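Beneath this line is the structure, given in structure tokens, with notes to follow.
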Amino acid sequence: MSQAEFTLNRRQALGLALGASLAMPSILRAQAPKEIRVDFATYNPLSLIIRDQKLLEKEFEKDGIAIRWVQTLGSNKALEFLNAGSIDFGSTAGAAALLAHINGNPIKSVSVYSRPEWTALVTRKDKGITKVSDLKGKAVAVTRGTDPHIFLIRALAEAGLKEKDVKLVLLQHPDGRTALARGDVDAWAGLDPLMAAAEVEDGAVLFHRKPENNTWGVLNTQAEFAAKNPEIVDRVIAVYERARQAAVKDIKPVTAALVAVARLPETV
């Protein structure tokens, strides 16, 4: 091979390599999702201000990626949507996510968004229930697979009772509050802000509280989505962290967002 031929071939190879490198961003963009589906929930107040302030929309606008918001009413629904591929990011209680993962739900918990006391056992003043052992043989409203459900089971165990010692009435969290207010059940494994509303508006009584038995709020994604889109996961986590820091400095926007979505008075 002559020197001229070698130079030409080398230039051709360099040109091909340069062309490939320039094409890479467009290839990556083509592989990125056109839409990211994220849940918002009253038990995850950070999700509300992120949605209100369009923080994720601003973060991914330059990438041409749209954000679709889906409301979840409890950890069970978020996990159900994740398992079905209906959402890409879902907020749940840590224990609920762990149990779902153990049971085969292909999720990955990627961030902690809160350390709350968001659940307690609630009753009415006229039910005569003052301690967990009083629940034996009673009807208790609960949302299966959520932190309130796990909190209830732990409370029963600590009182020497089993799940079968009570009559579980399986309802979503809003319906649990309604059932207690109507007297259809004797107690309810509550969830804020509905639990706070029951206190303020219905005169409900939180007869068993134990903050250390509340698991933390975690943000989850599908394991496959995380493997394919690690950069997107990192950026969503970063947006959550910015929102958390802003909420620490000024809680008013969080309160306003929660009042609007939950449709509850500010006193609640």
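The values are calculated or read from the model by the stated rules, or taken from the named source; none is laboratory data. This is a predicted model, so every value here is computed, not measured. Here the Cβ positions follow ideal geometry from the backbone for every residue, glycine too, while neighbour counts run over all protein chains shown. Note: accessible area is taken over every heavy atom of the protein model, side chains too, but ligands, DNA and RNA are not part of it. Shrake-Rupley method; radii C 1.70, N 1.55, O 1.52, S 1.80 Å.
Computed quantities for the displayed model
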| quantity | calculated |
| --- | --- |
| For segment 178-268, radius of gyration divided by Kirkwood radius, i.e. Rg to Rh on alpha-carbons | 1.08 |
| Accessible surface of segment 135-268, 1.4 Å probe, proportion on carbon and sulfur as whole % | 53 percent |
| Longest DSSP-loop-exposure-free segment, GluC sites (Glu not before Pro), the chain, at most 16 other Cβ within 10 Å | 118-265 |
| Cleavage-rule hits (chymotrypsin sites (Phe, Trp or Tyr not before Pro)) in segment 87-162: DSSP loop, at most 11 neighbouring Cβ within 10 angstrom | none |
| Long-range tail of P(r) for segment 38-93 (Cα pairs > 17 Å, %) | 36 percent |
| FRET efficiency, 1/(1 + (r/R0)^6) with R0 22 Å, evaluated for Asp184 and Ile102 via beta carbons | 0.10 |
| Built amide H within the under 5 Å cut-off of Ala159, gap 5+ | none |
| Within straight-line cross-link reach of Lys62, aspartates and glutamates at Cα separation under 14 Å, skipping those fewer than 8 residues along the same chain | Glu35 |
| The chain: DSSP helices with Cα axial extent of at least 30 Å and average Kyte-Doolittle hydropathy no lower than 0.0 | 3-31 |
| Ranking by accessible area, most exposed first, for Ser111, Ser91 with a 1.4 Å probe | Ser111, Ser91 |
| At R0 = 35 Å, FRET efficiency that the Cβ-Cβ distance of Arg115 and Asp52 yields, to 0.05 | 0.95 |
| Computed label-point distance, nm, for sites Glu35 and Lys162 using a 7 Å Cα→Cβ extension | 4.7 nm |
| Greater than 25 Å apart at Cα, pairs in Lys228/Lys249; Lys54/Lys210; Lys58/Lys249 | Lys228/Lys249; Lys54/Lys210 |
| Aspartates and glutamates whose Cα lies under 12 Å from that of Lys127, excluding same-chain neighbours fewer than 8 positions away | Asp184, Asp186 |
| Antiparallel bridges, percent of DSSP beta bridges restricted to the chain (to nearest 5) | 60 percent |
| Directionally averaged shadow of segment 47-155, computed from the convex hull of its alpha-carbon atoms, nm² | 9.1 nm² |
| 27 Å tail of the calculated P(r), segment 94-253, as % of Cα pairs | 34 percent |
| Residues of the chain: accessible area per residue with a 1.4 Å probe, Å² | 53 Å² |
| Helix-derived mean residue ellipticity, 222 nm - over the chain, DSSP H n ≥ 4, -39500 (n - 2.57), to 500 | -15000 deg cm²/dmol |
| Sorted largest first, extent of the chain alpha carbons per principal axis (Å) | 99, 38, 26 |
| Spin-label model distance (nm) - Arg209 vs Gln245, 7 Å beyond Cα toward Cβ | 3.2 nm |
